[in-house]
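What follows is a single structure, written as structure tokens, with notes after it.
The values are calculated or read from the model by the stated rules, or taken from the named source; none is laboratory data. If you're wondering where the values come from, they're calculated on a predicted model, not measured in any experiment. Note: ideal-geometry Cβ built from the backbone for every residue, glycine included; neighbour counts use all protein chains shown. SASA here: full protein model, heavy atoms, side chains in, ligands and nucleic acids out. Shrake-Rupley method; radii C 1.70, N 1.55, O 1.52, S 1.80 Å.
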Amino acid sequence: MNMKDIEVVIVGKLSERLMNNVESTFNAYRLWEIADKEQFYKEHGDSIQAIVTSGNPVMGASKELMDKFANLKIVASNGVGYDPIDINHAKERGIIVTNTPGVLNKCVADIGMALLLSVGRRICEADRYVKAGRWESEGRFAMGTKISGKVCGIVGLGNIGSEVAKRASAFDMDIHFYDPGKPAKAGFTQHDSLIDLAKASDFLVLTLPGGDKTRGLINKDVFTALGDKGFLISISRGSTVNEDDLIEALTNKVIAGAAMDVYAHEPHVPDVLKEMENVVTTPHIASSTTDTFNAMADLVYDNLCAYFADKPVLTQVV
Ligand code: 8YV
């Protein structure tokens, strides 16, 4: 089959490398640039065979989108998280879904550790202090929290959680985790309940997947258990945190602080969080390094090429 005869729709702006590869190989359409989408669906409803998208909450692939294309065969997604893709519907229709696990673990864990250090040692606050000329006028900056010897509590000890554990261990932290069904891990303390993990933790690091099962899991009970010396580090999915409860916990000093790369309604970050000194915010950059983004782009592309070359795809979700 000539790859150029295969019609592919790219849902939103992805990396140049990924778009270039897809567009030079397949007959690709940029959905976000098409003004009359209904007309596009009418004209290409039967001919589009692949959706290229991302696990970013603003993209994904809904049932409605998939059903615009009667002969859709594959949804190739950029990102390990796939909660914005209707997996059950894809399964029902026999549509293959691929993601990009593995290649981003280390970069995401690096950001987890960087956020932990930033909020614990007050790096961003200290940076603002110097730049505002306050060191000269007010003298020594306030105290931070010692990292070594503290408990790093990991919620979801998967590939990314394990990389966080490695980094935190190198900083002499004690590793505790909660991940129902996971076997015990030598040297780590396992908890049977999230609340118990939060109680034991100085830094609670979220590396659990998104989706209906984990929506709002990190709520006021968890914050109460974490306590006023505890910090939340969120690098999984914004949907896992009840953001109203988090704001309440921070406002009432139920917890000491939070550092987040992901939010409930990206790219919206509640103003109140932006104004808090003890909150570190980054704009969903955990996997955003050139090396990792290239590796993710290549995996999306390789999955597509494998599928249309009648070979097994490399990283299939369903
Ligand atoms: C990406 C991510 O920023 O992999 C994931 O699940 O959230 C991030 O790596 C995003 O999905 C890339 O498009």
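Data for the structure
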quantity	calculated
Relative contact order [Cα under 8 Å, 6+ residues apart], region 6-62, whole percent	49
Reduced Cα scattering model of the chain, Debye log10 I(q)/I(0), q = 0.09, 0.11, 0.14 Å⁻¹	-0.52, -0.74, -1.05
Residues whose placed amide H lies under 5 Å from that of Val280, excluding near-sequence neighbours	Ala258, Ala259, Met260
Of Val8, Leu273, Val155, farthest towards positive along the dipole that unit charges on Lys, Arg, Asp, Glu beta carbons give the chain	Val155
Distance-filtered residues of region 91-130 - backbone nitrogen under 20 Å, label point 7 angstrom along Thr290 Cα→Cβ	103-108, 110-111
Region 20-174 - accessible surface per residue (Å², probe 1.4 Å)	48
Sequence-distant residues sharing a close amide H with Thr100 (under 5 Å, placed H)	Gly79, Val80
Separation of alpha-carbon centers, region 58-91 and region 179-248, rounded to whole Å	28
Approximate spin-label separation Val58-Glu136, in nm, with each point projected 7 Å along Cα-to-Cβ	3.9
Heavy atoms of Cys124 accessible to a 1.4 Å probe, total area in Å² rounded to 10	50
Rounded percent of accessible protein surface that carbon and sulfur make up, the chain, 1.4 Å probe	50
Gyration tensor (alpha-carbon) shape descriptor, region 1-133, a/c threshold 1.5	prolate
Simple spin-label estimate for Ala309 and Thr251 in nanometres, 7 Å along Cα-Cβ	5.6
Pair Asn27, Lys185: separation of 7 Å Cα→Cβ label points (nm)	4.8
Which listed pairs, of Lys106/Lys150; Lys68/Lys91; Lys166/Lys220; Lys106/Lys311, have C-alpha distances above 24 Å, in listed order	Lys166/Lys220; Lys106/Lys311
In region 149-224, trypsin sites (Lys or Arg not before Pro) in a DSSP loop with at most 15 other beta-carbon atoms within 10 Å	Lys185, Arg215
Helix-derived mean residue ellipticity, 222 nm - over the chain, DSSP H n ≥ 4, -39500 (n - 2.57), to 500	-10500 deg cm²/dmol
Gain on full stretching of the segment that runs from His268 to Asn159 - 0.36 nm per residue minus C-alpha separation	36.5 nm
Relative contact order (percent, whole number), the chain, Cα cutoff 8 Å, 6+ residue spacing	17
With DNA, RNA and ligands ignored, accessible area of His268 (1.4 Å probe; Å², nearest 10)	100
Karplus-derived HN-Hα couplings along region 213-226 (A = 6.51, B = -1.76, C = 1.60, θ = phi - 60°), whole Hz, x at Gly and Pro	5, 10, 4, x, 4, 8, 10, 4, 5, 5, 5, 4, 5, 5
Cleavage-rule hits (trypsin sites (Lys or Arg not before Pro)) in region 8-57: DSSP loop, at most 15 neighbouring Cβ within 10 angstrom	Lys13
Qualifying aspartates and glutamates (Cα of each under 17 Å from Cα of Lys37; at least 8 residues distant if same chain)	Glu7, Asp46, Glu64, Asp67
